[in-house]
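The structure appears below as structure tokens.
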Amino acid sequence: MFTGIIQKRGRLHRLEERQGGRRLWLELEPWAKAYEDGESIAVNGVCLTLAGRDGDRIAFDVLEETLRKTSLGSLQEGTSVNLERALCYGDAMGGHIVQGHVDGCGQIRSIREAGPDRRIEIQVPEVLRSALIPQGSICCDGISLTVAEIVEDGFAVHLIPTTLRDTSWGESSVGDPVNLEEDVLLKVIRKDLAEGRLRPDWDWSSFSSLKQESSDGV
């Protein structure tokens, strides 16, 4: 489990072709906390298992299916990637609940300066558009972001200078693929609706009423 708050950036140092996938070697400044063999680290929003270490370099084995379904399949040596280690009990929850299970890839359609910020518009596959909620959370390349605007076939986010400085998105370009993960809470609600566990006319106002009734009964 992750929060979408990027802790470090790494760079792809080397790609090794392996049977059934690839091994990615990343170069980065070492973390203060020692690595644990087999620990989970999100790489551009994809939950991967630490498979090897060599000085300041760490390795991950990526299966063909993951390479096909995420932007990891298009990474080139020297590319910057976003990194976050798995959440521990007691850690600050600064973003939102992120599983590291990418639902699909979008594509950066436009980048525009907006004062000190940067507006980035992302085209999204049709199957993922129902997950877009104004002011809702979405994970983009491992970053917990807020949907600032809904457009015809995607959405836009506004990135502050800190995000541009501390993540790979300061180097992003039009046409770049983007790993997208929907808000897991929205997934649960959608599944409950589809399987009849919520009233067909359920909406967020109904949820607020239930919360109020619960509070009045305490």
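Each reported figure results from applying straightforward, stated rules to the coordinates on display, with no laboratory input. Here the structure is a predicted model, which means the values were calculated and not measured. Neighbour counts run over all protein chains shown; Cβ positions are idealised from the backbone, glycine included.
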* What residue among GLY196, GLY175, GLY38 has the largest mean-square fluctuation in a Gaussian network model of the chain, using Cα springs under 10 Å? -> GLY196
* Asked: Measuring from label point to label point, each 7 Å out along Cα→Cβ, what is the ALA114 to ARG53 span in nm?
  -> 4.1 nm
* Structure fact -> Which of (1) 53, 43, 37; (2) 58, 39, 34; (3) 48, 48, 35 is the computed Cα extents along the principal axes in Å? It is (2)
* **Local electrostatic count at ASP183 - Lys and Arg +1, Asp and Glu -1, tallied over other residues with Cβ under 15 Å** => 0
* **Where trypsin sites (Lys or Arg not before Pro) fall in DSSP loop in region 28-110, at most 16 other Cβ within 10 Å** => LYS33
* To do: Choose one answer from GLU29, GLU195, GLU77: the residue with the largest mean-square fluctuation in a GNM of the chain with alpha-carbon springs under 10 Å.
  => GLU195
* Would you compute, from DSSP H runs of 4+ residues alone, the mean residue ellipticity of the chain at 222 nm, taking -39500 (n - 2.57) per run and dividing by the full residue count, rounded to the nearest 500? => -5000 deg cm²/dmol
* **Pairwise FRET efficiency - ILE97 versus ASP37, Cβ, R0 = 22 Å, nearest 0.05** => 0.30
* To do: Taking every pair of alpha-carbon atoms in region 104-186, give the share separated by more than 16 Å as a whole percent.
  => 45 percent
* **Stokes-Einstein diffusion coefficient of region 8-85, Kirkwood radius over Cα pairs, 20 °C, 1.002 mPa s, in µm²/s** => 173 µm²/s
* Structure fact -> PRE zone check, label point 7 Å out along Cα-to-Cβ of ARG129, amide N under 11 Å, scope region 154-194, hits 154-155
